[in-house]
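Taking it in order: structure first as structure tokens, then the write-up.
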Amino acid sequence: MSVRLTDGQLGHRDRAREFAAASITPWAGEIDQRQSTPEHVLAAMRSSGYLGAALPERWGGGGLDPVSYGLVTEEIGRACSSVRSLMTVHNMAAQAIFRAGDPDQRAELLPRLCTGEQLIAFALTEPNAGSSVDVLETEAVPHGGGYRVNGVKKWTTYGQIADLFLVLAHCDHRPIALVVDRHSDGLTVTPVRDLLGTRGSMPAELRLDDVVVPAARRLGPAGTGTGFVAHTALDHGRASVAWGSTGIIQACLDACVSYTRQRRQGGHALKDYQLVRRHLTDMLVAYTAARALCHRSACLRQDGDPRAVMETSMAKYFAAGAALRAATDAVHLHGANGCGPDYPVGRYLRDATVMGIVEGTAEIHQISLANYAFQRPYRD
Ligand SMILES: Cc1cc2nc3c(=O)[nH]c(=O)nc-3n(C[C@H](O)[C@H](O)[C@H](O)COP(=O)(O)OP(=O)(O)OC[C@H]3O[C@@H](n4cnc5c(N)ncnc54)[C@H](O)[C@@H]3O)c2cc1C
């Protein structure tokens with residue numbers, strides 16, 4: 001593993017930075033205020049290729065290596081966490097289809113997901129099943145060669161506009177994963193509004209009343225729904241949220257460097273006060289450390305190293321916490337302006353709060369990382 005990015009990786013980062021600056025950043029505030037992602041931003045995401053960036057070219061994906069994919073995610077996350085969360089959920093569900101799907105499912109679903117012609121959302125969480133996925137209440141009963149599904153899913157990111165849902169359920173007490181069509185009879189999609197952060201991520205509650213799903217839409221053998229399919233998706237989601245969190249820290253640093261240069265109090269620019277500079281130092285170190293963990297876990301993923309899953313958990317845990325601290329400091333350094341509508345740091349703080357909850361709360365990562373510490377395989 002080299003700390004230096006390759007020319008190819010730098011190229012992907014630069015292109016993503018230009019893309020985000022032109023097609024996302026100018027609308028990030030509006031996306032947050034209106035709680036919706038406009039069609040032109042969705043169209044830009046589709047044509048960018050980033051919705052299938054991590055999937056193999058054979059299926060129409062970008063074939064990006066994990067570091068390049070992370071760098072792209074960081075740039076999108078730096079611009080707007082809502083749009084980044086579209087990348088996250090769409091790519092994590094598509095990855096699950098790629099890893100767990102059979103050749104027919106890949107051929108049918110992946111090309112349209114890679115172009116974004118179809119969007120897919122990830123529906124695991126339920127009113128009574130959040131951190132504990134072993135207690136899913138959504139039930140799939142064998143029915144005419146397929147399944148009849150009943151249950152409620154909550155907080156499904158971009159569920160308002162997704163064409164497909166990767167739904168986790170249980171069948172005869174065994175977890176299964178089903179790809180459910182939005183237009184299925186018995187499926188009701190209700191928008192969830194007024195989130196604290198990632199407010200433009202168009203979440204929905206799904207209600208499944210006797211929804212019939214063909215057996216051909218079951219991913220992997222019955223019994224692997226949460227063990228393999230959901231964990232594959234969540235592992236990719238965690239990597240994405242980790243890199244997206246480094247994007248938030250970078251955005252905080254950018255905003256604070258600019259603001260403390262121009263804002264004057266007591267006859268000096270804010271940047272000349274040592275106590276102010278200390279906050280900037282903390283942000284810089286947090287960014288560098290979070291980025292290093294993301295880079296390390298992406299390199300391990302690239303090498304197929306079995307430690308990649310726990311190292312990704314570590315990166316997500318650290319980067320999400322660091323983003324929240326950086327965003328809190330960023331609001332603080334902006335004073336009252338940090339609390340008003342004219343600067344983006346308030347949005348960064350609300351978005352950063354969400355990072356510590358999605359793809360496993362901080363506490364859930366603390367529990368599994370402590371187990372990792374006892375195993376000690378993290379030592380090279
Ligand atoms: C903006 C947003 C977008 C989301 N998008 C999606 C999505 O697209 N698809 C989807 O399926 N879900 C999504 N979620 C749901 C998210 O994955 C869950 O919120 C998360 O898994 C936590 O579950 P919970 O909210 O039920 O909290 P709970 O599990 O009820 O946890 C509440 C608190 O208790 C703690 N806790 C729980 N269990 C333990 C334990 N064993 N030990 C110690 N502490 C514990 C938690 O850490 C937390 O602090 C989204 C959530 C948000 C906020």
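Go through the residues of region 203-219 one by one and say whether even a single one is closer than 25 Å to ILE76 by Cβ, buried (at least 19 other Cβ atoms within 10 Å of the Cβ) and either at pLDDT 95 or above or not aromatic (Phe, Trp, Tyr) (or both). Let's see the steps before the verdict.
Filtering region 203-219 down to residues closer than 25 Å to ILE76 by Cβ leaves 203-204.
Next cut, buried (at least 19 other Cβ atoms within 10 Å of the Cβ) only: 203-204.
Adding the requirement that they be either at pLDDT 95 or above or not aromatic (Phe, Trp, Tyr) (or both) leaves 203-204.
Yes.
Every listed requirement among (1) touching a residue at least 24 places away in the same chain (Cβ under 8 Å); (2) over 19 Å from GLY247 (Cβ atoms) is met by ARG350 save one, (2).
For region 34-46, filtering for residues that are in contact (Cβ under 8 Å) with a residue 40 or more places away in the chain and part of a helix (DSSP H, G or I) leaves 5. As for region 135-158, it holds at least one residue that is modelled with pLDDT under 95 and within 15 Å of the ligand (Cβ to nearest atom).
What number of residues within region 124-149 are charged (D, E, K, R), open to solvent by less than 80 Å² (accessible area, probe 1.4 Å) and in contact with a Cys (Cβ under 9 Å, 6 or more places away or on another chain)? Even if it seems obvious, please write down each step before you answer.
Of the residues in region 124-149, the ones charged (D, E, K, R) are 126, 134, 137, 139, 148.
Next cut, open to solvent by less than 80 Å² (accessible area, probe 1.4 Å) only: 126.
When the remaining residues are screened for being in contact with a Cys (Cβ under 9 Å, 6 or more places away or on another chain), the result is none.
So the answer is 0.
Applying a threshold of 8 Å to beta carbon distances and a minimum spacing of six or more residues, or different chains, the list of pairs starting in region 210-221 at a residue that is closer than 20 Å to MET92 by Cα and ending at one that is of a type in the set (Phe, Trp, Tyr) reads ARG218/TYR147; GLY220/PHE228. The numbered conditions (1) on the phi > 0 side of the Ramachandran plot; (2) surrounded by fewer than 24 Cβ atoms within 10 Å (Cβ to Cβ) are all true for VAL152 except (1).
Within region 200-220, how many residues are under 24 Å from GLN105 (Cα atoms) and in contact with a helix residue (DSSP H, G or I) (Cβ under 9 Å, 6 or more places away or on another chain)? Break it down into steps so the answer makes sense when it comes.
Applying the first criterion (under 24 Å from GLN105 (Cα atoms)) to region 200-220 yields 206, 208, 210-220.
Imposing the further condition that a residue be in contact with a helix residue (DSSP H, G or I) (Cβ under 9 Å, 6 or more places away or on another chain) reduces the set to 216-220.
The number of residues fulfilling the criteria is 5.
When ALA43, ALA96, ALA79 are checked against the criterion of being among the aliphatic types (A, V, I, L, M) and open to solvent by 30 Å² or more (accessible area, probe 1.4 Å), ALA43 stands alone in meeting it. Evaluate region 255-267: report whether one residue or more is in contact with a strand residue (DSSP E or B) (Cβ under 9 Å, 6 or more places away or on another chain), open to solvent by less than 70 Å² (accessible area, probe 1.4 Å) and either in the same structural domain as ALA330 (by TED's automatic domain parsing) or free of Cβ contacts under 8 Å to residues at least 40 places away in the same chain (or both). Among the residues of region 255-267, at least one is in contact with a strand residue (DSSP E or B) (Cβ under 9 Å, 6 or more places away or on another chain), open to solvent by less than 70 Å² (accessible area, probe 1.4 Å) and either in the same structural domain as ALA330 (by TED's automatic domain parsing) or free of Cβ contacts under 8 Å to residues at least 40 places away in the same chain (or both), which makes the answer yes. The one condition from (1) within 30 Å of ALA44 (Cβ to Cβ); (2) in a strand (DSSP E or B); (3) more than 8 Å from the ligand (Cβ to nearest atom) that ILE97 does not meet is (2).
Restricting to region 307-361, name every residue that is part of a loop (DSSP other than H, G, I, E, B), hydroxyl-bearing (Ser, Thr, Tyr) and open to solvent by 40 Å² or more (accessible area, probe 1.4 Å). Before the answer, list the steps.
At the first step, the residues of region 307-361 found to be part of a loop (DSSP other than H, G, I, E, B) are 307, 334-335, 340-344, 356-361.
Still in the running and hydroxyl-bearing (Ser, Thr, Tyr): 343, 361.
Hit for region 307-361 is TYR343, nothing else.
No other residue among GLU117, GLU137 is in a loop (DSSP other than H, G, I, E, B) and in contact with a strand residue (DSSP E or B) (Cβ under 8 Å, 6 or more places away or on another chain) apart from GLU137. The one condition from (1) within 12 Å of the ligand (Cβ to nearest atom); (2) open to solvent by 10 Å² or more (accessible area, probe 1.4 Å); (3) closer than 17 Å to GLY237 by Cα that LEU166 does not meet is (2). The residue that is most open to solvent (accessible area, probe 1.4 Å), counting only those in region 48-65 that are assigned to a helix (DSSP H, G or I) and free of Cβ contacts under 8 Å to residues at least 40 places away in the same chain, is ARG58.
The values are calculated or read from the model by the stated rules, or taken from the named source; none is laboratory data. Since the model is a prediction, treat every value here as computed from it, not as a measurement. Neighbour counts are summed over all protein chains in view; Cβ atoms, including those assigned to glycine, are modelled from backbone coordinates with ideal geometry. Heavy atoms of the whole protein, side chains included, go into the accessibility calculation; ligands, DNA and RNA do not. Shrake-Rupley method; radii C 1.70, N 1.55, O 1.52, S 1.80 Å.
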